[in-house]
Every structure is written in C-alpha cells, then in structure tokens.
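**Student:** Before I ask anything, let me first share the structure, which is written out below as structure tokens.
The values are calculated or read from the model by the stated rules, or taken from the named source; none is laboratory data. Being a predicted model, the structure only gives us computed values, none of them experimental. Backbone-built Cβ (ideal geometry, glycine too); neighbour counts: all protein chains shown.
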Amino acid sequence: MKVIITENKRDRIALKWLDNNYGDLKPFETEKYPNYIFYKKGDEVMFEYNKENGVVFINYDDVWSFFESFFDMGYKQIQNITKLWVEENYNLRVSTTKMYDE
C-alpha cells in the first residue's frame, strides 16, 4: 500500500525522525583532525562538521540511505532537510550537507 503525503508533512516527519534518533549526539574533537567536530551515537559517527567551511558530512548507512529508501527523497531534498536539522539542533553554521560512506 502506498501512502501519499504532502512534502511539507513529509519534511516534518523526517525532522521528527532525526530528533528521535539523533537528537542527542555527543560532539567529539581530536587533535588529529582539528578542523572537525564529530557527532557520535555510541562509537559511531553520525555526522562530521567542518569548522572552516561549514560542510556537514552525514553518515550514509544510518541516516542518508534511510531518507532515500523510506522517504523516497532525492539528494537535494536530503541536503535541505539535514542542513535545516543540524542548524536548528546543534546550533552550527552549515553551508551544505553531503553524504559519506565509511
């Protein structure tokens, strides 16, 4: 069964999903990568923030691919929703988001 929802409602559901699953990530910095802040859930990095250019690299396996498969979002849509979420929830200046695969 296919359910049709508006884009606005889908975005609200996606933001809520991010809040519920990744709203409490712990920041981690290391001398090896001084320009980055890593946001982790347990031992796994969910996203990396580049302090110099504001680019956020989103974990593909756990986050980005979920938006592709469950929400049927394209690359640009995922960029928009993840950028908004990171800015609002982690108070970071984000220029763009990109996926990364470990």
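**Student:** If a residue has to be over 16 Å from the mean Cα position of the chain (by Cα) and either polar (S, T, N, Q) or at positive phi (or both) to count, how many in the stretch 19-41 make the cut?
**Tutor:** Count: 2.
**Student:** Looking for something modelled with pLDDT under 95, in a loop (DSSP other than H, G, I, E, B) and β-branched (Val, Ile, Thr) - is there at least one such residue anywhere in the stretch 11-25?
**Tutor:** no
**Student:** Go through the stretch 24-61 and give me each residue that's surrounded by fewer than 18 Cβ atoms within 10 Å (Cβ to Cβ) and within 17 Å of ILE78 (Cα to Cα).
**Tutor:** The answer is GLY54, VAL55, TYR60, ASP61.
**Student:** If you don't mind, there's one more thing I want to ask. Give the residues of the stretch 68-102 that are of a type in the set (D, E, K, R) and part of a loop (DSSP other than H, G, I, E, B), sorted by residue number.
**Tutor:** ASP72, ARG93, ASP101, GLU102
**Student:** Could you please let me know if ASN53 is part of a loop (DSSP other than H, G, I, E, B) and out of contact with any strand residue (DSSP E or B) (no Cβ under 8 Å at 6 or more places or on another chain)?
**Tutor:** Here the answer is yes, as ASN53 does meet what is asked.
**Student:** Tell me, which residue of the stretch 68-79 that is within 15 Å of LYS9 (Cβ to Cβ) and surrounded by 15 or more Cβ atoms within 10 Å (Cβ to Cβ) is modelled with the lowest pLDDT?
**Tutor:** Result: PHE71.
**Student:** State yes or no: is GLU102 at pLDDT 95 or above and either at positive phi or not aromatic (Phe, Trp, Tyr) (or both)?
**Tutor:** No.
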